[in-house]
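What follows is calculated from the coordinates using simple rules that are stated; it is not laboratory data. If you're wondering where the values come from, they're calculated on a predicted model, not measured in any experiment. Please note: Cβ atoms are built from the backbone with ideal geometry, for glycine as well, and neighbour counts cover all protein chains shown.
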Amino acid sequence: IVFYILAYFAFASTAITIGIDFANMILLVCLSRSVSGLHVLIAKPMQTSQYASGFEAAQHKRQLTALAILNVLAAAAGLLLLKSAWFTVSAIGAELFALLVCRAARKNLGGMSGDISGFSMTLGELAGLLLLLAGQGALWS
């Protein structure tokens, strides 16, 4: 946890120092969190998870549709509104990394939980920030 906090602070402060607007980094957070939320809604929960007793895949169809639409709109807004395509690439990278972490954890632990969701979300955000800095050349200068 300490490593994550220090790494996130270092990456975020570097991004701000090299002139990346903080508002542009919000897309990273939006997309990585949408993947985590999507997995909470569609994946079978772990037996020990608190929401396991109330889980029913059919009842979440409307929420899944809304989440998928918001995800596409956020990615499209990133492509259209942000100064550089690297912001969108890094946000989609954050989303994909969060997806991979969710899938791997679900496979190894036998289901989804809020802890897995939070874990994938934070690692996705960190991966997206790292991609953003790599795209700006900040990791090599």
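Just a few scattered comments:
- At R0 = 30 Å, FRET efficiency that the Cβ-Cβ distance of residue 21 and residue 47 yields, to 0.05: 0.10
- Cα convex hull of segment 90-141, projected area averaged across orientations, nm²: 3.5 nm²
- Linear extension gain, residue 69 paired with residue 109, 0.36 nm per residue minus alpha-carbon span: 11.5 nm
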